[in-house]
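Trainee: I have a structure I would like to understand better, so I am pasting it below and will then ask my questions one at a time.
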Amino acid sequence: MFVLSFSGRPGHGRTASDPVPALLEALDELDLPLSPERTAGPEALALAGRSQEALEALLRGHEVGGLAIGLGIGAVQRPLPGSVRELSGPAVEAAAEALRAASTTSQVPLAVRAADMRHQDTAADVEAVLRLVGWMIRARSRGQWEAVHALRLGPSATQAQLAERLGVTQQTVSRAVKTSGWREESAAHPLAVRLLSMIDLTSAR
């Protein structure tokens, strides 16, 4: 399982000083085993059962901005509790450790920890990939971010449809997508999913 711990970073991101409401709204659309919740102050916790959902939750956290993100991979208590705040187990501890490490990182505050120490190297590999992806997201201009965000929410939409949705010209959308690094970022997503799956499949669930 994948436990994601988020902590707000004042003065960062596109949101107000408390990014948790925007984060919870962004995560609400995902198919997660338990509803993400605020834990204390500008902090939140989420649980993902599959690597694809874990990656999507991370991407949405990056898009919200103003957050340090810790990802822990491993076992959690069974049966699952009624609230994500009641979770316990090695993956929860790994997520807390990852968040502490992420909070000391200035550029891309994200860290990945595997509960099983045998997966340290793979966790470091996926952390490197995810930090590169996070750096690309954070480096985008407002226009680039809006175009990519609309494209991610509607991947089958044409550029003309995206332009109409955003209230800009098709040429503006085309230029924003080309200069945003979206193609390079999206090409790295399958690698991140495979690395996350490698750790999860060989960890006690």
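Bear in mind these aren't lab numbers, they're just calculated from the coordinates by the rules spelled out. All values derive from a computational prediction rather than experimental measurement. Cβ placement follows ideal geometry from the backbone for every residue including glycine, while neighbour counts extend to all protein chains displayed.
Trainee: Distance in nm between label sites at Arg194 and Ala128, each 7 Å beyond Cα in the beta-carbon direction?
Mentor: Output for this residue pair reads 1.5 nm.
Trainee: For the range 2-119, what is one quarter of the convex hull surface built on the Cα atoms, given in nm²?
Mentor: 6.7
Trainee: Calculate I(q)/I(0) for the chain by the Debye formula, one identical point scatterer on each C-alpha and no solvent, and give its log10 at q = 0.09, 0.10, 0.14 Å⁻¹ to two decimals.
Mentor: Here the Debye-derived log intensity ratios amount to -0.33, -0.41, -0.79.
Trainee: May I ask what percent, to the nearest 5, of DSSP beta bridges between residues of the chain are antiparallel? List each step's numbers first, then the result.
Mentor: Values: 15 of 20 bridges.
Antiparallel: roughly 75 percent of the beta bridges in the chain.
Trainee: To continue, here is another question. Quick one: putting +1 on the C-beta of Lys and Arg, -1 on the C-beta of Asp and Glu, what dipole do you get for the chain around its Cα centre, in Debye to the nearest 20?
Mentor: Here the size comes out at about 480 debye.
Trainee: For a paramagnetic label modelled at 7 Å from the Cα of Asp28 toward its Cβ, which residues of the range 123-163 fall within the zone defined by backbone nitrogen distances under 13 Å?
Mentor: Counting only backbone N, you get no residues.
Trainee: Here's another thing I want to ask about it. Ordered by residue, what ³J(HN,Hα) values in Hz, to whole numbers, does the range 81-86 give under the Karplus form 6.51 cos²θ - 1.76 cosθ + 1.60, where θ = phi - 60° and Gly and Pro are x?
Mentor: x, x, 10, 5, 5, 8
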